[in-house]
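First the structure, in the form of structure tokens, and then the observations on it.
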Amino acid sequence: MAFLFEDRARQKAEARARDEDRLARGEISAADLQKENAHFARALSGQNGPFRVGFPVKSQPGKRRYVEFPPNKVRKDDS
């Protein structure tokens, strides 16, 4: 099955319209919608400690370099 950009554009437009409807009905807050749509942040929501991202080292198969990011501090007004 081939990937069609038109299909993906249609899916994204439908998702945006659905999200706008949910916001208009008050089903979800803008902040909650942003968290829901932030796939990277959602994957890290249960993360304890620093987050490590590994990158392959060019010309050294199997070796990786890592960059560590400290855990996000949640402000009291964001909770």
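The values are calculated or read from the model by the stated rules, or taken from the named source; none is laboratory data. Since the structure is predicted, the reported quantities are computational estimates derived from the model, not experimental observations. Heads up: the accessible areas ignore ligands, DNA and RNA and are worked out on the full protein's heavy atoms, side chains in. Shrake-Rupley method; radii C 1.70, N 1.55, O 1.52, S 1.80 Å.
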Whole-Hz ³J(HN,Hα) from phi, Karplus 6.51 cos²θ - 1.76 cosθ + 1.60, for the range 9-26, glycine and proline x: 5, 5, 4, 5, 5, 5, 5, 4, 5, 4, 5, 5, 5, 4, 5, 5, 7, x
Amide H within-cut-off set for F51, under 5 Å, with H built and near neighbours excluded: F69
Using θ = phi - 60° and Karplus 6.51 cos²θ - 1.76 cosθ + 1.60, couplings along the range 56-61 (whole Hz; Gly, Pro as x): x, 8, 4, 6, 9, x
Principal axes of the range 5-69: Cα extent on each, largest first, Å: 52, 34, 12
Of all accessible heavy-atom area on the range 5-69, the percent that carbon and sulfur account for (1.4 Å): 53 percent
